1. If you take the charge dipole of the chain about its Cα centre, with +1 on Lys and Arg Cβ and -1 on Asp and Glu Cβ, which of Leu13, Tyr122, Ser233 is farthest toward its positive end?
2. For the stretch 67-106, list residues with backbone N below 12 Å from a point placed 7 Å from the Cα of Met1 toward its Cβ?
3. Sorted from fewest to most neighbouring beta carbons within 10 Å, what does the list Phe280, Phe94 look like?
4. For the stretch 164-229, what is the largest minus smallest coordinate of the Cα atoms on each principal axis, given in angstrom and ordered from greatest to least?
5. Leaving out same-chain residues fewer than 8 places away, which lysines sit with a Cα under 21 Å from that of Lys148?
6. Report the extension gain between Phe94 and Asn242 in nm, rounded to one decimal, defined as 0.36 nm multiplied by the number of residues separating them, less their alpha carbon distance.
7. Sorting Lys266, Lys57 on the 10 Å Cβ count, fewest up front, what's the list?
8. Hull surface divided by four, with the convex hull built on the Cα atoms of the chain: how many nm²?
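What follows is calculated from the coordinates using simple rules that are stated; it is not laboratory data. Given the structure is predicted, the values throughout are model-derived calculations rather than measurements. Quick reminder, even Gly has a Cβ in these numbers, built from the backbone with ideal geometry, and neighbours come from all protein chains shown.
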Amino acid sequence: MLNSKEVEIITFLKEKPGASSKEIHESISFSISYATVKRILTKLINENLISTAGQGKGTRYFLSSAYELLEPIDLEEYFKNEIDERQIRESFNFQLMPDVLMKHAVFSGDELTRLSGLQELYRQNVSQLSKPEYKKELERLAIDLSWKSSQIEGNTYSLLETERLLKEKETAAGKTKEEAIMLLNHKEAIDFIINNPDYLIPLSVSKIEDIHGILVKDLAIDKNVRKRRVGISGTNYRPLDNDFQVSEALSNMCEMVNRKNNVFEKALLALALISYIQPFTDGNKRTARIVSNAILMHNQFCPVSFRTVDSVTYKKALLLFYEQNNISSFKEIFIDQFEFAVNTYF
């Protein structure tokens, strides 16, 4: 989160875009040096929250066009307002991908340093594991991911019950057949990307449809890109309802993710945007989590199980992205879960 000095500078630039560093310093209510203001400005630039125009003494400061995407927002504070009280973007933002996400880095330099350090630790740890040891850890992660991904969607199997189902095909008493199928499909989808790590690369609509098809097999869910309207509980955001626009949005997302260079950014954007576009009648978030992991695994990066994420927090972070196109909370979840995976499984 931003500290009070950073918030004050951001607030000033909202009211007076194009201010000089001298004007910003003079506006600060705190007693801080000009050098400190310059350091804060540099930090905000590195975090992609503000941008500059001009050079030297003629440098002027503005809020970045990525500010709304990256601005730290307190989830609990945001959701104190009920659904009809929140001022939101109610329809799909066609400018989000070409004008914001394609042109700006989602992760700050410090965040990438943290993630890269964790990836290096993963690489070192894996290099010391035998093939059977690595396979065992990957199997453990796959079970955890199947459980948590299903739990986020309302599945009531416990982690222990999930392990019994996936290892011994033992269904849990008092649970529905559909819940067991959902979990078995998750495991099948994860096994598919483990055995075919290059399948989804480059990303395409048809390949995402294939993953979705595995996840919804034998469930009463339509396959392929939807041709009817869908609604999302808990929000007034309405996804696209024209099937041609839905297909185009998903295709544009694939093109953008393929063009991005940073693996972490590819994985996070796929995770968020498949959910945002809602290309299928159901199973969108499940598909997003598998596709995101496929991108990580294709590049020999640590996969993510999301095991310790709170389901409500996950949903709230996604709703914030839907309603404000703000990815800050969802990005934080991704970083924390990547760290958990590196430290827990490998």
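1. Tyr122
2. Residues passing the 12 Å test: 72-78.
3. The fewest-first ordering by Cβ neighbours comes to Phe94, Phe280.
4. 41, 33, 12
5. Leaving aside lysines fewer than 8 places away in the same chain, those within reach of Lys148 are Lys135, Lys136, Lys167, Lys169, Lys175, Lys177, Lys187, Lys217, Lys285, Lys315, Lys316, Lys331.
6. Stretched fully, the Phe94-Asn242 segment lengthens by 51.9 nm.
7. Lys57, Lys266
8. 19.4
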